[in-house]
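Peer 1: Quick one: this structure, given as structure tokens, is what I'll be asking you about.
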Amino acid sequence: LNVTEEKFVLDTLAGCTEYKSILDVVVNAFYVQDGRYCPISERNLYRVICYLATFQLEEIGLQHFSRIVKSLDTVKMQQFLRFFFNDLYLNTWIKDEWSHIYDSVYVKENLIDPLLRWQPKVQQLIEKLTDKLSNRSSTVKTSRVTQPKEFNLTVPKPRAIPPPSPAPVPVLPKRQPVPPSIYKPPKERKQLEEIKTKNIQKAKVTNTNQFRCATIKPEKREFLYRIISAVLVLWSQISCEQYLEVVWESVLTQYFEELTQDLIDNIPIKLNTAAILREGALYQRKLEEELKRVENLQQGAGDSSEFLEWQKQMRGKDVEDQLAEIECRRLQGKLSYEEAVLAHQNVTQENKKKADLLREEKAELMHLYAEKRLQEQKEMKELVEQVMEGHKNVKQVKEKIQEYKQQIVQQICEESGELLRQALEEQEEKNRKRYELIQQIRAIESTPSIRHKFVDLTETGGHGLFGEMSVVELRERLALLKEAQKAAEEEKRDQIIHEKQAKEQLILDKLDQISQFRAELGRAAAFKQEEKKKSQPGERSMKDERILNLQKKIVEKTMERKKQAGLL
């Protein structure tokens with residue numbers, strides 16, 4: 001660039017930087033209204049055009065400005081100039097926004113009035129740009145029609161006369177077939193695969209036996225499923241508190257007796273030592289109680305079996321009565337639920353009517369609030385104009401404050417330089433002393449020292465303590481203590497073996513006794529079950545008149561609720 005062009009570019013850059021705040025007001029508004037689809041990367045382009053039109057149009061002239069505008073994109077320049085030189089925008093919000101940054105009188109005389117004077121001539125430039133756009137859109141390129149051309153095909157050559165038949169092909173001798181052993185895999189590979197499969201099966205067996213104590217056998221699993229199903233049936237019929245009161249007395253006992261009686265003889269039970277001793281003690285205690293009861297009967301005491309049977313029957317009747325009472329309460333709760341739903345639907349209708357009334361009142365209040373808000377905005381605008389008139393002398397006060405602050409900053413910089421110099425001198429003195437101390441330590445460390453010491457293991461330490469001994473004597477005593485400890489361990493091992501044999505014999509005796517008791521108890525349980533099946537009475541119906549009445553009421557309330565819901 002030559003000197004004139006370089007000066008113009010630098011002045012434009014400096015002006016755009018200095019007046020960035022007022023230029024951003026126009027550019028931001030352009031991006032919000034007319035330039036919504038313009039890229040953000042062209043923001044500086046619009047800022048430069050706005051600066052030239054506002055501050056440099058008098059100096060460079062309209063001809064130079066038009067040449068700059070025409071060298072850029074026609075559509076973008078036409079949109080921006082039409083937006084910026086709009087009379088309504090310049091006299092209203094652009095003037096108000098610039099007055100917030102500079103004084104209103106300065107804005108009107110030096111910024112708005114020149115733009116309004118140049119507005120008719122710039123409007124002619126905008127019209128030229130519009131005509132250029134319309135002419136560009138009207139010219140449409142005409143497409144050429146494709147002219148077909150004849151194919152340039154090659155002329156076929158005439159066929160030549162075929163030559164005489166060739167000589168016969170000699171027949172090759174028959175070769176020997178490939179031996180079948182080539183297509184068979186070697187025996188070693190087959191042996192390796194067999195060994196591999198055996199190892200995999202062996203590993204699976206060891207893995208399954210590893211957690212054998214945590215698995216449930218099929219017989220026990222079926223037994224547990226039947227018990228859990230019985231508990232769930234009872235839980236669905238009665239509530240939690242009544243479940244705790246009733247079930248553990250008789251109902252759950254009857255279910256468990258019926259379920260366990262068929263499976264008690266078929267389930268294999270694996271007993272450990274503690275279980276064997278515990279079961280043996282149980283059977284021994286039962287045997288003693290039975291002997292005591294027989295002695296009491298011989299001496300003339302009464303038998304309580306009839307009383308227990310009567311007590312069991314009465315408890316069964318109480319359970320049936322309680323279950324009927326529970327069913328009545330459940331139906332009453334269901335009836336109250338249906339009534340509550342009907343009441344809720346009625347309340348919903350009332351609330352809907354109240355909401356409509358409140359919505360109408362709210363609309364009236366919002367209308368009154370909007371009128372009041374408009375009045376407040378007018379008053380606020382008048383107050384802002386009064387305040388702006390009182391801010392004319394603010395610039396002079398700001399300059400005085402700036403000078404005062406600069407003096408204070410200069411004094412602080414001088415004081416901080418002096419403090420920094422003193423700190424550097426103190427740090428140098430500390431480093432010097434530290435260096436001298438390090439030199440002394442290194443000199444002490446460089447002196448040789450005798451580190452070898454001869455030790456006699458037969459001598460004592462000479463500390464004057466009771467029981468002081470040499471290392472050799474200590475080793476001899478430790479060897480004697482190890483031999484004595486070894487002998488004690490052997491003796492204790494023999495004693496443990498004898499106790500273990502005696503315990504195994506006791507467990508075998510207990511197992512024989514347990515098997516005898518189990519066989520007797522199994523026969524007694526089977527006989528009792530047969531008698532119970534013969535003497536079992538018919539089941540009693542739980543429903544009475546109260547339950548039937550409650551069910552009828554529930555059906556009526558349900559129909560009424562569904563009808564009300566259909567209307568809603």
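Peer 1: Output the peptides 403-411, 72-80, 339-347 sorted from most to least packed, where packing is the average of other Cβ atoms within 10 Å over each peptide's residues.
Peer 2: Peptide ranking by packing, descending: 72-80, 339-347, 403-411.
Peer 1: Could you provide, to the nearest whole Å², the per residue accessible area of segment 3-102 with probe 1.4 Å?
Peer 2: 53
Peer 1: Could you look at segment 3-102 and say what percent of its accessible area is carbon and sulfur, using a 1.4 Å probe and all protein chains?
Peer 2: Exposed carbon and sulfur together represent 55 percent of the surface.
Peer 1: Residues with beta-carbon under 11 Å from that of residue 467, excluding residue 467: net charge, scoring Lys, Arg +1 and Asp, Glu -1?
Peer 2: -1
Peer 1: Please list the radius of gyration and Dmax for segment 3-102, considering alpha-carbon atoms only, with Å as the unit.
Peer 2: 13.5, 40
Peer 1: So which aspartates and glutamates pass the test for residue 562, namely a Cα distance under 15 Å, with those fewer than 8 places away in the same chain ruled out?
Peer 2: In chain and number order, the partners are 338, 339.
Peer 1: Count charges around residue 441 for me, please; just the other residues with Cβ under 15 Å from its Cβ, Lys/Arg as +1, Asp/Glu as -1.
Peer 2: Value of the local net charge: +1.
Peer 1: Within the set of other residues whose C-beta is less than 12 Å from the C-beta of residue 25, count the net charge using Lys and Arg as +1 and Asp and Glu as -1.
Peer 2: That works out to 0.
Peer 1: Sticking with this structure for a sec: List the lysines whose Cα lies under 29 Å from the Cα of residue 132, skipping any in the same chain that are fewer than 8 positions away.
Peer 2: 70, 76, 121, 141
Peer 1: Using only the Cα atoms of segment 314-437, what do you get for the radius of gyration and for Dmax, in Å?
Peer 2: 43.3, 109
The values are calculated or read from the model by the stated rules, or taken from the named source; none is laboratory data. The model shown is predicted, which means the values in this text are computed figures rather than measured ones. No Cβ is skipped: glycine too gets one built from the backbone with ideal geometry, and neighbour counts run over all protein chains shown. Heavy atoms of the whole protein, side chains included, go into the accessibility calculation; ligands, DNA and RNA do not. Shrake-Rupley method; radii C 1.70, N 1.55, O 1.52, S 1.80 Å.
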